[in-house]
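The values are calculated or read from the model by the stated rules, or taken from the named source; none is laboratory data. Source: prediction; values computed, not measured. When we count neighbours, we look across all protein chains shown, and the Cβ atoms used for this are built from the backbone with ideal geometry, even at glycine. We work out accessible area using only protein heavy atoms, side chains counted, and drop any ligands, DNA or RNA first. Shrake-Rupley method; radii C 1.70, N 1.55, O 1.52, S 1.80 Å.
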Amino acid sequence: MARELKEVQGIIFKRQKYKEADLLAKIMTKQDGIMTLIVKGALRPKSRLSAATLNFSIGTYVIYTSEKGLSNLRTYKGARQFDGLYNDLTKNAYISFIFDLIDHAFVEYQPIGKYYDLALFALKKIDSGVDAEMITQIVQMKILAAYGVEPQLKHCVICGKEKGVFDYSIKMGGVICSDHFSTVTSRMHLKPKETAVIRTIGLLPIERLGDIKINEETKRATRKAIDRIYHETIGLNLKTKKFLDELKLFSSRI
């Protein structure tokens, strides 16, 4: 495919040194997917491209691409940063994990559609100070579909019942109602409120979620449950998740 010059709107979420004065920057876009850009001269002191390719910058970028392999960043228009992330290690750790999670669900240049909106939702919410743990749990539940393991949260996987008391079964791929608690040995034995939270964040559209406020005990339980779902269905081993877990452990000891 011939290389072409095109504009893409997106979010820079990862960068690393490439050559003496160049960078490789990963950008997430809605229509053109996730791609890696060569940013020539970005490490030079007076480079205009350096600030525009800081992590979690959003803007319109003019790139030279063949829609495979590395693309080249030529210039940009109206790039801005989410300032609330730069001086907060915890916020940065959460959002880095979220973008890493989405990144691993797709191959480069594969359109990601609604998951771009999900990433932008998370970025804006965490930047503005909304509970980063809950935003992360929302993303984790919603991105499962992109990994091909979307759970059944709307109704009981056995009888189709939609209302009542529920638990979750990883083996069965979703929620089960209390009518089957005595026969399903693979259920997670979550409290009804914990299962209700997991169902809510997985089912409701992001624009209707708002600011979810739950107590710390429930939040810890749902985090543990979601981590277990990921471990037993996907088996990801992301450095960003390991760092986030270490950071939370360190904070809990202070």
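For the stretch 26-38, the criterion of being under 22 Å from residue 118 (Cβ atoms), in contact (Cβ under 8 Å) with a residue 60 or more places away in the chain and open to solvent by 60 Å² or more (accessible area, probe 1.4 Å) is satisfied by at least one residue. Reported count of residues in the stretch 18-49, each being outside any loop (DSSP other than H, G, I, E, B), over 16 Å from residue 103 (Cβ atoms) and within 24 Å of the chain's Cα centre (by Cα), is 2.
Take the conditions touching a helix residue (DSSP H, G or I) at 6+ places or on another chain (Cβ under 8 Å), at pLDDT 95 or above and open to solvent by 30 Å² or more (accessible area, probe 1.4 Å) and apply them to residue 164. Does it pass? Yes: the conditions hold for residue 164. Inspection of the stretch 86-109 identifies at least one residue that is under 24 Å from residue 6 (Cα atoms), at pLDDT 95 or above, open to solvent by 10 Å² or more (accessible area, probe 1.4 Å) and not in a loop (DSSP other than H, G, I, E, B).
Checking each residue in the stretch 50-85 for being more than 16 Å from residue 11 (Cβ to Cβ) and either part of a helix (DSSP H, G or I) or open to solvent by 50 Å² or more (accessible area, probe 1.4 Å) (or both) picks out 50, 64, 67, 68, 70, 74. Would you pick out the residues in the stretch 110-139 that are among the acidic types (Asp, Glu) and part of a helix (DSSP H, G or I)? Matches in the stretch 110-139: 117, 127, 133. Total residues in the stretch 126-140 satisfying the condition of being closer than 17 Å to residue 86 by Cβ and open to solvent by less than 10 Å² (accessible area, probe 1.4 Å): the figure is 1.
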